[in-house]
1. So which trypsin sites (Lys or Arg not before Pro) in the range A:601-677 are both in a DSSP loop and have at most 10 other Cβ atoms within 10 Å of their Cβ?
2. In the range B:11-149, what is the count of Lys pairs whose alpha carbons are under 18 Å apart, counting only pairs at least 8 residues apart or on separate chains?
3. Compute the separation of the alpha-carbon centres of the range B:13-28 and the range B:109-148 and state it in Å as a whole number.
4. To make sure I understand, if each residue's beta carbon is the centre and we count other beta carbons within 10 Å, what order do B:94, B:87, A:452 fall in, fewest to most?
5. Can you find, among A:577, B:241, B:22, the residue farthest towards the positive end of the dipole of the protein assembly as shown? Put +1 on the C-beta of Lys and Arg, -1 on that of Asp and Glu.
6. Shape verdict for the range A:1-100, please, from the Cα gyration tensor: rounded (a/c under 1.5), prolate (a/b greater than b/c) or oblate.
7. Which value in Å is the Kirkwood Rh of the range B:46-203 over different Cα pairs?
8. Given Cβ point charges of +1 (Lys, Arg) and -1 (Asp, Glu) and nothing else, what value in debye, to the nearest 20, does the dipole of the range A:539-696 about its Cα centre take?
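FYI, it's all coordinate maths here, none of it is from the lab. Bear in mind that the values here come from a model prediction, so they are computed numbers and not experimental data. Because the Cβ atoms are built from the backbone with ideal geometry, glycine has one as well, and the counts that use them run over all protein chains shown.
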Amino acid sequence: MSTKLLGERIKRKEDPRLIQGRAHYVDDIKLDGMLHMVFARSVYAHARITKVDTTAARALPGVVAVYTGQDIKGKLGLVPCAAGMEGLKIPDHPCLAIDKVCYIGEPIAAVVARDRYVARDAADLIEVNYDPLPAVTDPLKALEKGSNVIHEEFGDNVAFVAKLDAGDWKVVEADSTLKVIKQRFINQRLAPISMETRGVIASYSPGEDTLTVWSSTQIPHILKTQLALMSGVDEARSRVITPEVGGGFGSKLNVYGEEGVACFASKQLGKPVKWIEGRRENMLATIHGRDQVNDLEIYVQPDGKVVGLKCLIVADLGAYHQLLTPAIPTLTALMILGCYNIKHVDVETKGVFTNKMATDAYRGAGRPEATYIIERAMDLVAHELKLDPAEVREKNFPSPKDFPLALPTGVTYDTANYQKTLKRVLKAASYSKLRKEQERLRKKGKYLGIGLSTYVEICAMGPSSRMPAGGWEAGTVRVEVTGKVTVLSGASPHGQGEETTFAQIVAEELGIPFDDVTVYHGDTFQIPMGIGTFGSRTTAVGGTAIYNAAQRIKKKMARIAAHKLGIKPGALQFVDGKIQTADGQKSIGFGEVVAEAIFAKQLPPGIEPGLTEHCVFEPPNYTFPFGAHLAVTEVEAETGEVRLRDYFCVDDCGRILNPMLVDGQVHGGLAQGIGQALWEELVYDENGQLVTGSLMDYALPRAHQFPWFNTSNTETRTPVNPLGAKGVGEAGTIGSTPAVVNSVMDALRPFGVRHIDMPLKPEKLWNAMKGGLKTS
Amino acid sequence: MIAQPFEYHVPKTLAEASQLVAQFGAEGKILAGGHSLVPMMKLRLASPKHLIDIGRIADLSYVREEDGKIQIGALTTHYNIESSELLKSKCPLLPETAREIGDAQVRNKGTIGGSLAHSDPAGDWPTAVLALDAEVQALGTGTERWISAKDFFVGLLETSLAPGEILTAIRVPSLPARSGDAYVKLRQPASGFAIVGVAVRLGLDEKGAIQHVSVGITGVGPKAYRAAAVEGALSGKSPSAKRLAEASEHAAEGIDVNSDLYASATYRAHLASVYTRRALEKALDRASGK
């Protein structure tokens, strides 16, 4: 193939319009007669609503309508939850609170006005009378007998309990040679904070009885179905358009009450209604991530071989379920073994209601928590047994020959070579030299830390049998009359760059110029079917659907070409705008075959005119990208300040289609993963008030806080899809958090410190070091 | 993130501005760079009925030398101070402080006058003007006075500017011989404001003893302050590492120390000592020509 595109650093097709400010996000869309909506939100974490007085708000000039929970009751469906585990308790979740509020920021009323300024002023005029109830903010206390119950109908605050049990614990517990290591880890609550906040325009046309919604979402097709159901508009007359999306990190893999209310209001008023989320609302009322308490027990042989793992996962779900809220912590249980085939496993996951915003998928979604637990555990094993952390990992890795590897957790890892990535990262960081430097510096009272994390994650979600709404993805390739190619994808990338990757796939397969391929996504009228973008699936699953559609196009074109050339249809090549025999002796222009296919003058018998192929790819398994990360930190003993000095990572995401985009995903992922380790934390006080409700309080990482990331890759192709690609959207986030925490704990080792919970704020480290050096 | 309704006024001259300020009294608020006020308005924590934008008044942005003193216009941006050649040679503490403020966008828009008049308890500028014994010019309707820095900061977000007065300039002495300045700061990782910020001006006599030392501290108490106990412990003494460290122990003496998510009062008081020592060491090195 002469048109070499896959594996190349091709610049993004998306970037010129994005960089020049010529792209259109939801807020850039202005419709004739459009009205603006603002929400009045709860200022209590837990309270009964005794009265909502909207008189003054309605009287403000420019206000068109005010809706409360009572107005939508029975007329607008509930916020949906798609998780379907056994025994799951799903509380009613109205789009506007009706008689009770369960978290601060919960929408109580919506004001629709001629502009958003009037709407905002009117929202302040809504008077809500509350009868406050005690707030339940600590998930462990929420589990205690006698705790206040948030949803009275359930009797307690437990949303679900899931158990995963494998192996023979009698044998493990009877073995007195095993050392048991116990530790509690807290995986703190985080805010996803995409650059673009949420936003929606709903436009109902009474004449046609059609609903068109523009939403900043990761799942246009699922959103279309759900909004049709909620608003009562026929799904076949409902359309969701996803314009440019300025990030989501999972937070837009959801169906939100505000979207439902926008549809309701537009249907009531017969006019387009726009809602754009403010940053403060984004912190309060867009889903949060993580928030687990993990009690871990590790059973290890004296030589460092881990044989058993027990963990109680208490997941703080918040007040209500969003789309996938309860499913996220189950991914933690699924991936808790990490790169290690530990035979005996006992994991219990408890989902708990609290008076906080719902948690849900945030970059990594359950796997960062799992990786953190197992990778911190590996360091504790090394620490307790006085072994090198790299050696402990090596000892517990399965051999590359063991793959596909079925684990006691019920998943089968596709393929990996953990030894190789670990070896590479140790070499890149000059590991043994670093250890010597560490020794030298310690003697001078300077504390250098070296931290490892060898992770595996679960990606390319996933087989439909395991996914609530199906796990396939759809792709269409259509060759136009002029030979230009239109690609439609049901995956709906929100900034990752698949308009480029997908065009690379199709151009290379069809042997045509990259610029001749245009990729569309995110409009349910244009794109026949789709699931969306999440779980590092877009390229591996969505890209495969497109690759398969391109194969069908090639097959059809090859038949037409052979007919025209008067040869038997066989292995024809698509090269440089030509379709030719393997020896290059006979060829015909790509455009000529396209013309024949569409004008249909001399088509071979049995061939339908046209060159449009639609494929749906059903992945037979997940993929399991992996890698090794190493963080070098310096801790100042005097103040506890941490400096991340160097960062090395070797990631394996299967076949790399565009190394530049892989680098971009890894860099961004690292920033978020390191952010959790060192800075980020959503804090609610005991009254359920969000203390870190602005970017002046919530410490989002800044570029200047990072060193240059030393990134590289190995490529172990997955057999799960024909592209061999595994996915890389979340790897950086998943791998980096434990590497940094392990590094800082390593730095503090002379002080006898074993564990400190994230984020590793200077004060916590200073307190831990106050006791002085411990001679071990 | 939408402010409450307000009326917007754009005076062209200082006289016009001070007339508006007097006219609207407590209902009016002066807008300079807007980097403290506008976020507060958007969160509806501040809701002035009248916003008096002095940003279009000519001649309030300058750095110049007059009679051995340096005068800086109130509307001079942090960036213009950071990059001023005159200040780099005559009063390097100011560019060093400016560099530590916010990020490049904030430094391009925010002004020294706006920041001082706002008197944020974790703002950077108060430390420098305190350590420099600067004076602040206040212009009222028909009045003009210079307020010394130590009298300027009254409390949390509170200054000694009288109702109707506009802060128009800052006057600082230039760096004498055998003197050194330093500003060191631990940033709150979200806001970039100071958890602790310490500015020092330190001068040596011919024999190398500390002739003069002034220490301004921000982020620690309800307002920026001069650490008198630290200064007292060093004045007239010959400097040594031990002496600087011991003196720094008094950094938060007598202060009702702040406590928040990023630093408890105990830790913050400790940081105040550490950063004071670091600022003193740096200033001493510079004073000694190191």
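1. A:601
2. Lysine pairs meeting the criterion: 7.
3. 18 Å
4. Final ranking by Cβ density, sparse to dense: B:87, A:452, B:94.
5. A:577
6. oblate
7. Across the range B:46-203, the inverse of the average 1/r is 15.9 Å.
8. Values: 13 positive and 19 negative charges, 411 e Å.
Around 1980 debye, computed over the range A:539-696.
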